[in-house]
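Report on the structure given below.
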Amino acid sequence: MSGRLVKLLDSASEGDVGRLVDLLLDGFPEDDPTKIGLLGGKLDLKEEYFTAMVRAALLEGDVWVVEIDGQWVTIGLWFKWPNILFTTDAQKDLGFNEVFKKFSPETQHWWKVEYGEQVDVWLKQKTISEEEWGRMWYCSALATRSAHQSKGHATALVNRVLSEVHNQANGILGLGTGSETNVAKYKSMGFKERGRITMHTPVNSFLCAWLTKGT
């Protein structure tokens with residue numbers, strides 16, 4: 001598309017962080033089951049949670065955007081495995097710890113114990129090799145503004161990121177999603193499904209499918 005610019009943000013002002021969070025808020029529907037589960041049903045925490053995500057990615061990951069006429073319309077938050085989202089104290093200190101305190105005891109326990117136990121069920125199947133994990137950049141969020149969806153922006157961002165990480169260190173891309181609709185969308189981008197489980201939280205249950213590209 002003429003005028004589409006895919007770029008890596010080297011830094012971000014407070015205003016930029018606000019713009020990125022607003023993009024995430026607009027890009028994820030209110031009934032997104034993954035968001036509902038992660039927040040323990042407390043959707044009033046979504047802005048604070050997304051802010052923590054963006055700050056964590058700016059610190060220890062990569063923040064990629066698609067820009068159209070000066071407006072950021074798509075965002076991708078990427079982390080080099082194994083230091084993915086909220087796995088280091090430095091990341092958690094940028095907002096996640098404060099959000100965590102506002103979760104119910106049941107949701108806190110899910111984050112601390114049950115989430116990892118459920119993911120381990122899939123990890124033990126070893127559908128992704130250790131060698132692949134070692135080359136992986138993992139996407140913790142990929143979203144496009146509602147008015148700009150289905151125009152190829154997310155595909156353009158994914159392809160650019162894959163080109164960059166592949167050229168640097170033969171890198172590959174990985175991500176997870178919580179809906180069959182998104183599984184189909186990612187497959188149309190060239191991703192391959194590598195496994196799935198039903199994730200159970202204190203407030204809901206949802207699909208958790210993992211996909212890779214570039215292997």
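Here, each number is a calculation from the coordinates, and none is a lab measurement. Note that the structure is a prediction, hence the values are computed from the model and not measured. As a convention, Cβ positions derive from the backbone with ideal geometry for all residues, glycine included, and neighbour counts pool all protein chains shown.
Key figures
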| quantity | calculated |
| --- | --- |
| Residue within region 52-62 that is touching a Lys or Arg at 6+ places or on another chain (Cβ under 6 Å) and either over 18 Å from residue 19 (Cβ atoms) or of a type in the set (A, V, I, L, M, F, W, C) (or both) present | no |
| Residues of region 200-215 satisfying the condition of being among the polar types (S, T, N, Q) and either closer than 17 Å to residue 141 by Cα or surrounded by 17 or more Cβ atoms within 10 Å (Cβ to Cβ) (or both) | 201, 212 |
| Some residue of region 188-206 being of a type outside the set (Asp, Glu) and in a helix (DSSP H, G or I) | yes |
| Some residue of region 179-198 being under 25 Å from residue 108 (Cβ atoms) and in contact (Cβ under 8 Å) with a residue 24 or more places away in the chain | yes |
| Close pairs from region 62-90: first of a type in the set (Gly, Ala, Ser), partner outside any strand (DSSP E or B), Cβ under 8 Å, at least 6 apart | 76/154; 76/157; 76/158; 76/161; 90/59; 90/60 |
| Members of region 83-105 that are closer than 19 Å to residue 41 by Cβ and surrounded by fewer than 19 Cβ atoms within 10 Å (Cβ to Cβ) | 98, 100, 101, 102, 104, 105 |
| Members of region 183-199 found to be more than 19 Å from residue 141 (Cβ to Cβ), touching a Ser or Thr at 6+ places or on another chain (Cβ under 8 Å) and among the β-branched types (Val, Ile, Thr), listed by number | 198 |
| Looking only at region 64-80, and only at residues there that are within 13 Å of the chain's Cα centre (by Cα) and not aliphatic (A, V, I, L, M), the one that is surrounded by the fewest Cβ atoms within 10 Å (Cβ to Cβ) | 80 |
| Residues being part of a helix (DSSP H, G or I) and more than 18 Å from residue 100 (Cβ to Cβ) - total across region 25-56 | 4 |
| Region 17-37: number of residues that are free of Cβ contacts under 8 Å to residues at least 12 places away in the same chain, out of contact with any Phe, Trp or Tyr (no Cβ under 6 Å at 6 or more places or on another chain) and crowded, with 17+ Cβ neighbours inside 10 Å | 0 |
| Residue identified as more than 16 Å from residue 139 (Cα to Cα), in contact with a helix residue (DSSP H, G or I) (Cβ under 7 Å, 6 or more places away or on another chain) and not small (Gly, Ala, Ser) among 99, 66 | 99 |
